[in-house]
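For reference, the structure discussed in these notes is given below.
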Amino acid sequence: MASIQMVDLKTQYLNIKAEIDAAVIECIGSTAYINGPTVKSFQASLEKYLDVNHVIPCANGTDALQVAMMACGLQPGDEVIVPAFTYVATAEVIALLHLTPIIVDVDPNTFNVTAEIIEQAITPKTKAVVPVHLFGQTADMEPILAVAKKHNLYVIEDTAQAIGSVYTFSDGTKKSAGTIGHIGTTSFFPSKNLGCYGDGGAMFTNDSDLNQKLRSVANHGQSTTQYYHDVVGCNSRLDSIQAAILDIKLKYLDSYDAARNKVADAYDAAFAAIEGIQTPVRAANSTHVFHQYTMRIADGKRDELQKYLGEIGIPARIYYPLPLDEQGAFKASAVIPTPLVTTQQLCKEVLSLPIHTEMKEETLKQIIQGVLSFYKK
Ligand SMILES: *Cc1c(COP(=O)(O)O)cnc(C)c1O
């Protein structure tokens with residue numbers, strides 16, 4: 001039997017191989033490797049899919065965050081609020097730009113930041129907040145937007161794990177994750193929900209002024225005239241070949257999300273009766289695209305369960321084992337306004353099971369049986 005993987009990129013590729021191979025070969029033959037027609041086509045497809053005015057492709061999700069902060073004109077010493085429970089990239093670019101990361105706690109159920117938590121951390125120096133739509137569902141954005149507006153903050157949504165998730169406002173309006181604040185950022189890292197076959201990323205905005213600034217910063221700070229550079233920028237582009245791949249995969253994104261939800265539903269049902277497991281809590285006003293299926297394992301049993309599963313051939317991962325402020329990289333620069341009680345607890349309790357778009361019925365059963373057998377010991 002093939003070993004179980006956290007994600008199965010190979011089978012997903014084989015299922016669309018003919019289409020992908022043709023597009024890649026065509027792109028190579030075209031020699032339009034940088035900013036070619038495939039980049040423009042994918043950009044237009046993604047704008048339509050997300051219902052957003054501007055998609056600005058770039059080299060990866062980390063660059064997207066950095067370019068977003070540069071385009072907002074954030075200056076050294078400005079404070080940016082970021083959740084403690086996230087991937088390192090979010091805080092890394094804050095520190096790289098000599099901004100001050102204000103690290104805050106998250107909600108124990110959704111694992112996302114809330115407006116309340118953000119508001120407690122705001123000072124006169126705060127210029128931006130970065131809600132991270134962790135594991136595939138959108139943070140509760142309506143109250144976050146209200147707090148940001150009241151305090152004149154930029155809202156940069158880190159959508160690396162939640163592209164395709166849809167948020168519903170109290171008046172019934174629906175918006176895609178990443179199109180709600182001033183700028184959304186995402187990553188097309190291979191294992192992300194919309195992944196390419198290398199590195200890739202993008203920024204989204206409805207604001208035409210920010211669109212120009214984002215494009216300029218990502219293109220060496222160039223103005224609209226070639227070889228005239230108004231601001232210091234960087235070089236962050238999405239390769240034409242990756243764009244060709246993404247334009248094809250975007251057509252399948254909704255079916256991929258549905259496949260992930262099917263796996264999540266099966267896990268939910270199987271573990272509902274187990275007291276030691278808190279299955280993922282679905283936010284009332286957001287769809288979940290299950291980038292990860294992340295459980296909370298009670299009674300200090302997380303590490304034991306992970307080890308047990310490993311021994312019977314079932315991989316399970318810890319996203320994330322350490323709060324941001326405890327990472328060596330941020331020990332010096334991070335400001336922690338209030339104790340990160342929930343994050344510390346989550347780092348000890350979370351465990352993510354394999355979830356992907358090509359999960360076979362028998363694999364799913366095997367994983368479920370494996371978890372259940374641990375609790376029957
Ligand atoms: C993956 C990820 C990033 C970084 O994306 P890269 O394309 O790897 O640079 C940023 N934030 C979050 C939350 C991520 O999961």
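Summary of computed values
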| read-out | value |
| --- | --- |
| Among residues of segment 273-292, those that are within 24 Å of the chain's Cα centre (by Cα) and among the charged types (D, E, K, R), counted | 1 |
| Answer from Phe135, Phe189 - the residue that is within 16 Å of the ligand (Cβ to nearest atom) and part of a loop (DSSP other than H, G, I, E, B) | Phe189 |
| Some residue of segment 171-189 being open to solvent by 20 Å² or more (accessible area, probe 1.4 Å), polar (S, T, N, Q) and either on the phi > 0 side of the Ramachandran plot or touching a residue at least 40 places away in the same chain (Cβ under 8 Å) (or both) | no |
| Subset of segment 99-116 that is part of a strand (DSSP E or B) and more than 16 Å from Gln345 (Cβ to Cβ) - its residue that is most open to solvent (accessible area, probe 1.4 Å) | Thr100 |
| Subset of segment 48-63 [within 15 Å of the ligand (Cβ to nearest atom) and either without any contact (Cβ under 8 Å) to a residue 40 or more places away in the chain or of a type in the set (A, V, I, L, M) (or both)] | Ile56, Ala59 |
| Residue in segment 218-234 that is surrounded by fewer than 19 Cβ atoms within 10 Å (Cβ to Cβ), of a type in the set (D, E, K, R), in the same structural domain as Cys72 (by TED's automatic domain parsing) and in a loop (DSSP other than H, G, I, E, B) present | yes |
| All positions within segment 129-169 that are charged (D, E, K, R) and closer than 21 Å to Pro108 by Cα | Asp140, Glu142, Glu157, Asp158 |
| Residue list for segment 295-316, restricted to those being assigned to a loop (DSSP other than H, G, I, E, B) and of a type outside the set (Asp, Glu) | Ala298, Gly300, Lys301, Ile312, Gly313, Ile314, Pro315, Ala316 |
| Residues (over 17 Å from the mean Cα position of the chain (by Cα) and either within 13 Å of the ligand (Cβ to nearest atom) or not assigned by TED's automatic domain parsing to the domain that holds Val231 (or both)) located in segment 64-94 | none |
| Odd one out for Leu145 among (1) part of a strand (DSSP E or B); (2) surrounded by fewer than 24 Cβ atoms within 10 Å (Cβ to Cβ); (3) among the aliphatic types (A, V, I, L, M) | (1) |
| Hits in segment 341-356 - residues which are closer than 26 Å to Glu275 by Cβ and part of a loop (DSSP other than H, G, I, E, B) | Pro354, Ile355 |
| Tally, over segment 340-375, of residues that are basic (Lys, Arg) and either assigned by TED's automatic domain parsing to the domain that holds Val132 or in contact with a Lys or Arg (Cβ under 8 Å, 6 or more places away or on another chain) (or both) | 1 |
| Some residue of segment 317-328 being open to solvent by 20 Å² or more (accessible area, probe 1.4 Å), more than 16 Å from the ligand (Cβ to nearest atom) and either assigned to a loop (DSSP other than H, G, I, E, B) or at pLDDT 95 or above (or both) | no |
| Qualifying residue in segment 293-312 (condition: within 30 Å of Glu142 (Cβ to Cβ), modelled with pLDDT of 95 or more, surrounded by fewer than 16 Cβ atoms within 10 Å (Cβ to Cβ) and over 17 Å from the mean Cα position of the chain (by Cα)) | no |
| Ala284, sole failed condition from (1) closer than 16 Å to Leu372 by Cα; (2) open to solvent by 40 Å² or more (accessible area, probe 1.4 Å) | (1) |
| Selected residue [within 16 Å of the ligand (Cβ to nearest atom) and touching a residue at least 12 places away in the same chain (Cβ under 8 Å)] from Gly276, Gly233, Gly201, Gly221 | Gly201 |
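The values are calculated or read from the model by the stated rules, or taken from the named source; none is laboratory data. Given the structure is predicted, the values throughout are model-derived calculations rather than measurements. Here the Cβ is made from the backbone with ideal geometry for all residues, glycine too, and neighbour counts use every protein chain on show. Heads up: the accessible areas ignore ligands, DNA and RNA and are worked out on the full protein's heavy atoms, side chains in. Shrake-Rupley method; radii C 1.70, N 1.55, O 1.52, S 1.80 Å.
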